[in-house]
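These notes are about the structure you will find just below.
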Amino acid sequence: SRKGVGVGLPVLTGDGLLAIVQVVEEYSCQALLLSSRQTQVGAMAMRNPPQPGILRGEAPDRLILGFLDTQTPIEVGDVVATSGFSTRIPRGIPIGKIVQVETNADFGARRAQVFPFARIGDSHEVFILR
């Protein structure tokens with residue numbers, strides 16, 4: 001907290017978003033990995049126009065991006081980035097790439113599996129964006 005770190009700030013690597021700050025103390029902080037099932041963040045498939053949704057953790061190598069519209073135009077290979085619909089996490093931070101698209105018309109849902117660009121095992125240094 002002495003350096004201006006606050007709850008909800010993004011933790012990044014050179015590859016993209018890795019985690020979100022959850023606990024802040026005077027000289028340290030703890031962050032929840034984006035791959036954690038408890039993590040949710042606004043994200044978008046980078047298309048023209050961008051397609052917003054809610055991204056949540058699933059596994060170390062898989063995130064899920066959910067959309068409300070079953071007709072959302074997304075494809076395997078689309079890059080996913082933060083949506084900016086947050087006061088703490090700006091728009092456009094790279095998150096990953098869509099590797100699979102699933103549609104469930106019965107439940108009115110469409111979701112994409114996303115392979116994250118930033119992963120804890122590949123990270124040597126991180127920084128917190130204030």
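The values are calculated or read from the model by the stated rules, or taken from the named source; none is laboratory data. What you are looking at is a predicted structure, and each value in this text was computed from that prediction instead of being measured. Here the Cβ positions follow ideal geometry from the backbone for every residue, glycine too, while neighbour counts run over all protein chains shown. Heads up: the accessible areas ignore ligands, DNA and RNA and are worked out on the full protein's heavy atoms, side chains in. Shrake-Rupley method; radii C 1.70, N 1.55, O 1.52, S 1.80 Å.
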HN-Hα couplings for the stretch 48-60 via Karplus (6.51, -1.76, 1.60; θ = phi - 60°), in whole Hz with x for Gly/Pro, come out as 10, x, x, 10, x, x, 10, 9, 9, x, 9, 7, x
Please compute the per residue accessible area over the chain with all protein chains in place, 1.4 Å probe, rounded to a whole number of Å².
58
Taking the Cα-to-Cβ direction at Lys3 and at Asp122 and moving 7 Å from each Cα, how far apart do the two end points lie in nm?
2.4
The distance between the Cα centres of the stretch 75-92 and the stretch 16-53, in whole Å, is 10
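With only Lys, Arg, Asp and Glu charged, each at its Cβ (+1 for the first two, -1 for the last two), find how big the charge dipole of the chain is about the Cα centre; round to the nearest 20 debye.
Values: 13 positive and 12 negative charges, 64 e Å.
Roughly 300 debye for the chain.
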Provide the net charge surrounding Thr13, with neighbours chosen by a C-beta distance below 11 Å and charges set as Lys +1, Arg +1, Asp -1, Glu -1.
-2
I'd like the carbon and sulfur percentage of the solvent accessible area for the stretch 1-61, probe radius 1.4 Å, heavy atoms only, ligands and nucleic acids excluded.
49
